[in-house]
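Beneath this line is the structure, given in structure tokens, with notes to follow.
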């Protein structure tokens, strides 16, 4: 397989898949008219194609072997756009990943780094491969890497695309990743970011909703990595209409952190009581289900479990039970 194919993830990051909005340069903003935007797009595509051709030509000399080198993991700094939450490094999954790295004597799949200047603590910055870097750092192993000059926007897009083929980011990680890019000025607005990454604007909005939740709300969950996209939107709406109640619930739940699962916390913040289902078994199989929600109790029988001829008998059983309860 050619070097170009094996590094297609890196090369792909230099080619915008759809029109992107260029940042303001020398005080001149991106044209607002359609013809103006198309001109900017063609210019950007031309620059990207030049970068692509240049990269491919330089990689030809390495045909048959990857242009990798062994670097001191301690001299590689984490990017400001890093999209892995620190809690990832405490999971059993990451521990197993580290064991695989240790068994192989290092990372088989190289990471991508870019040179940095004026940083006495680092010689390079990660473009992607943060899990591999952290594993080698913890294990005291050198890091196999490809060195390439990469712009901030290309770095951001590479990180985003890498997660399409590796461990997906959680909604919270995705949202903070997007928010950081907007805060750093890589993209003028959410639509420009969505266009550059070829994701829907709605997807970006959902992710940002999770990332922008107040710290008090995020800290009420056992882990921010467990917050779902839908929950973020629901909590945003709840904060608009009854912020005081939501924050009061968050304070209580934060004090009880670890005692409730993520779903229970979500329901408590929204004051949505969770339904409790109790199965009723007969002959080793579930014949009926008793469900309690908002203090109301319903009983659902499986199809054919209650013959019409015995409905009055069932009514009497329920009536007797309620009489006994007073």
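Checking 125, 149 one by one, the residue that is under 30 Å from residue 200 (Cα atoms) and surrounded by fewer than 16 Cβ atoms within 10 Å (Cβ to Cβ) is 149 and no other.
Within region 290-305, not a single residue is at pLDDT below 90, under 27 Å from the mean Cα position of the chain (by Cα) and part of a loop (DSSP other than H, G, I, E, B).
Scanning region 100-115 for residues that are assigned to a helix (DSSP H, G or I) and touching a helix residue (DSSP H, G or I) at 6+ places or on another chain (Cβ under 9 Å), we see that the one that is surrounded by the most Cβ atoms within 10 Å (Cβ to Cβ) is 101. Would you check if there is a residue in region 140-151 being modelled with pLDDT under 90 and under 15 Å from residue 81 (Cα atoms)? Among the residues of region 140-151, at least one is modelled with pLDDT under 90 and under 15 Å from residue 81 (Cα atoms), which makes the answer yes. Every condition in (1) farther than 22 Å from residue 175 by Cβ; (2) assigned to a helix (DSSP H, G or I); (3) at pLDDT below 90; (4) within 39 Å of the chain's Cα centre (by Cα) is met by residue 225 except one, and the failing one is (1).
Would you confirm, using the coordinates I've provided, whether residue 238 is under 16 Å from the mean Cα position of the chain (by Cα), surrounded by 14 or more Cβ atoms within 10 Å (Cβ to Cβ), at pLDDT 90 or above and in a helix (DSSP H, G or I)? Answer is no for this residue.
For region 251-287, filtering for residues that are touching a strand residue (DSSP E or B) at 6+ places or on another chain (Cβ under 9 Å) and modelled with pLDDT of 85 or more leaves 7.
For region 116-131, name all the residues that are farther than 22 Å from residue 183 by Cα, modelled with pLDDT under 90 and not in a loop (DSSP other than H, G, I, E, B). Within region 116-131, 131 is the sole residue that qualifies. Against the list (1) at pLDDT below 90; (2) in contact with a helix residue (DSSP H, G or I) (Cβ under 6 Å, 6 or more places away or on another chain), the condition residue 198 fails is (2).
The values are calculated or read from the model by the stated rules, or taken from the named source; none is laboratory data. The model shown is predicted, which means the values in this text are computed figures rather than measured ones. Glycine gets a Cβ as well: all are built from the backbone with ideal geometry, and neighbour counts include every protein chain shown.
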